[in-house]
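The values are calculated or read from the model by the stated rules, or taken from the named source; none is laboratory data. What you see is a predicted model; the values in this text were computed from it and never measured. Cβ coordinates were reconstructed from backbone atoms using ideal geometry, including for glycine residues, and neighbour counts include every protein chain displayed.
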Amino acid sequence: MRAPVVSRVIQACGAAGLTLMVVNALTTAAEVPDPALERADVLGSILAVLLLLVGLLWERVQPLEADRVPLVGAEGFQLEPGLTPALSRELAWGSTMLLTATPAACVLVLWRERTLLRRGILPGDASEPFRPAAICARCLAGGRAISLVDLRLYPGREEFTALLPGLPAVVVQPIGSEGLVLLGGWSPRCFSRSDLAWLEGWARRLAEDLGAVAEPGAEARFTAGSEPVSGGASAAAAAGVSPPPAPENG
């Protein structure tokens, strides 16, 4: 955690000023008190304390940026085969925006307990399916996103080990009542309100597109028992988009 440079400079000036005022008061304590000097000491001390307060408030206006957690994995892109071209493009476009415009390290889209998309930093055994548990079930039941700002503080964090081991933050966003979007962040408390609002909007859009799968005759859009397409270049070519640049690890 690194404090902003401006905040540290302001706090250093305030601390130095307060120290000088205290030293001046101690060295002149034996002399005959001068009313003008005493007033100057009081005003100087108040100004020094105000500088310290401004420096502390500056950190609240501009929050400290958490250091990125070094995540173990490789950049990848897995897309469920058998999807319509329009839905494949939507999933590819949305995941690209989440990985490039937000501090997300990985994205996973579930629909009716099937993994439609997995993108970003993938674990070593990316073939292991993600199995929703208590937190995901509570998210679907409540119909609202659950933001786990610091995964270390939650007892149910083992639920997201299959998503990517060591994730510091996770957002679980429902897609209607039958799907989920899982977003893993690079650092604790990394997602802003605008990131969550954008994710919610994309989930609503996906709910409309994926709702067509439930229509009669739409089952043919999925290929049962097929293996997911993997690999950044091949999967992106299948979706008709180019993969995003690999984010810096660490």
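Okay, here's what the table says:
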read-out: Any chance V170 is buried (at least 22 other Cβ atoms within 10 Å of the Cβ) and either of a type in the set (F, W, Y) or within 19 Å of C190 (Cα to Cα) (or both); value: yes
read-out: Test result for E158, acidic (D, E), surrounded by 15 or more Cβ atoms within 10 Å (Cβ to Cβ) and more than 19 Å from D67 (Cα to Cα); value: no
read-out: Matching residues, the range 63-113, being in contact with a Cys (Cβ under 7 Å, 6 or more places away or on another chain) and modelled with pLDDT under 90; value: A66
read-out: Residue in the range 204-223 that is modelled with pLDDT of 90 or more, touching a helix residue (DSSP H, G or I) at 6+ places or on another chain (Cβ under 9 Å) and not polar (S, T, N, Q) present; value: yes
read-out: Within the range 112-206, strands (runs of 3 or more DSSP E) holding 2 or more residues that are closer than 21 Å to A74 by Cβ and either free of Cβ contacts under 8 Å to residues at least 12 places away in the same chain or of a type in the set (K, R) (or both); value: 114-122
read-out: Cβ pairs under 6 Å, 6+ apart, first in the range 48-60 and not assigned by TED's automatic domain parsing to the domain that holds I10 and among the hydroxyl-bearing types (S, T, Y), second at pLDDT below 80 and in a helix (DSSP H, G or I); value: none
read-out: Options T96, T102, T115; residue that is β-branched (V, I, T) and in contact with a helix residue (DSSP H, G or I) (Cβ under 6 Å, 6 or more places away or on another chain); value: T102
